[in-house]
Amino acid sequence: MENLLYSEVHLICIIIVSLEIIQAIKSIDKSPGMRLFVICFAFIDLSFVFNLLLWFAENSGRPVLLVPARQLYYLFFGLGAFT
């Protein structure tokens, strides 16, 4: 049950952030601030994706995926916080 809830929460977050990115791209405002907002949300969206992949790698017993998934999760999380 916990596995299903964790993946559902992350998938919902990915969908919501992706919809926000799409709405911001369709917006008339093409200012640098809006572009930075889209880039920041893209990094956050990718951090959700790699966090979900990291969680699957930890629980499925595939240690090959652990290191790259962890590195990419922290990279995109840091880039999202930096922007």
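The values are calculated or read from the model by the stated rules, or taken from the named source; none is laboratory data. Worth saying up front: this structure is predicted, and the values here are computed from it rather than measured. Virtual Cβ from ideal backbone geometry, glycine too; neighbours counted across all protein chains shown. Only protein heavy atoms, including side chains, enter the accessible area calculation; ligands, DNA and RNA are left aside. Shrake-Rupley method; radii C 1.70, N 1.55, O 1.52, S 1.80 Å.
So the values come out like this:
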{"read-out": "Among (1) out of contact with any Phe, Trp or Tyr (no Cβ under 8 Å at 6 or more places or on another chain); (2) surrounded by 16 or more Cβ atoms within 10 Å (Cβ to Cβ), the one test that CYS13 misses", "value": "(1)"}
{"read-out": "Criterion violated by LEU75 - all others in (1) farther than 26 Å from LEU4 by Cβ; (2) more than 12 Å from the chain's Cα centre (by Cα) satisfied", "value": "(2)"}
{"read-out": "Total residues in the stretch 21-59, condition open to solvent by less than 90 Å² (accessible area, probe 1.4 Å), of a type outside the set (Phe, Trp, Tyr), touching a helix residue (DSSP H, G or I) at 6+ places or on another chain (Cβ under 9 Å) and part of a helix (DSSP H, G or I)", "value": "17"}
{"read-out": "Complete set of residues in the stretch 3-22 that are at pLDDT 90 or above and more than 13 Å from the chain's Cα centre (by Cα)", "value": "ILE22"}
